[in-house]
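A short write-up of the structure that comes next.
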Amino acid sequence: LAHGASAGAAKAAALAAALNAQHAKTSRGPTQSGSHFETELEINDFPQFARYKVTHKDTLVQIMEHTGAAVTAKGQYAAPGRPLAPGDRKLYLLIEGPTERVVKEGKNYVKNIIETAIAKQALPGAAGQPQGRYRI
């Protein structure tokens with residue numbers, strides 16, 4: 001159990017580091033177009049369950065209700081090592097709102113959802129991981 005827990009914790013830490021690195025890479029801040037602010041967060045390289053969680057309709061409604069930011073999935077998924085066609089972009093989220101504060105709150109809320117999904121998946125006994133008292 002200890003080995004499984006430490007492996008799961010290491011995986012969660014690696015994915016959290018990837019999220020922070022990706023955030024630093026794209027954290028040029030919200031851009032303003034008139035009275036409209038927007039920013040992007042690339043989600044292509046996160047696990048499928050985290051991408052699904054953050055792009056699910058119920059989650060998008062929840063983000064809108066809590067922050068006032070609208071989130072739209074854009075681009076297309078590119079498997080590791082598979083090049084995209086010219087002009088195509090990897091899967092990302094466009095986060096839009098009427099103020100810079102709303103957009104920042106929306107982006108932080110999305111990051112929190114991704115981190116929570118990854119942490120839950122990394123816990124021993126999570127879906128897809130062996131359960132039970134005995135180890136073979």
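Read-outs throughout are calculated quantities, based only on the coordinates presented, and are distinct from any laboratory measurement. Quick caveat, the model's predicted, so the values are computed rather than measured. In this analysis, Cβ positions are derived from the backbone assuming ideal geometry, glycine residues included, and neighbour counts consider all displayed protein chains.
Could you line up Val110, Val102 from fewest to most neighbouring Cβ atoms inside 10 Å?
Final ranking by Cβ density, sparse to dense: Val102, Val110.
Under the classification rounded if a/c is under 1.5, otherwise prolate if a/b is larger than b/c and oblate if not, where does the range 34-80 fall, given a ≥ b ≥ c as square roots of the Cα gyration tensor eigenvalues?
The shape class here is oblate.
About the Cα centre of the range 79-128, how large is the charge dipole given +1 on each Lys and Arg Cβ and -1 on each Asp and Glu Cβ? Please answer in debye to the nearest 20. Write out the running numbers ahead of the final one.
Numbers: 8 positive and 5 negative charges, 23 e Å.
I would put it at about 120 debye.
Cross-chain or 8 or more residues apart, Cα under 16 Å: how many lysine pairs in the range 30-118 fit that? Count them up, please.
Values: Lys53/Lys74; Lys53/Lys107; Lys53/Lys111; Lys57/Lys74; Lys74/Lys90; Lys74/Lys107.
Summing the qualifying lysine pairs gives 6.
Rounded to the nearest 20 debye, what is the charge dipole size of the range 30-118 about its Cα centre when +1 sits on each Lys and Arg Cβ and -1 on each Asp and Glu Cβ?
Charge dipole of the range 30-118: 220 debye, to the nearest 20.
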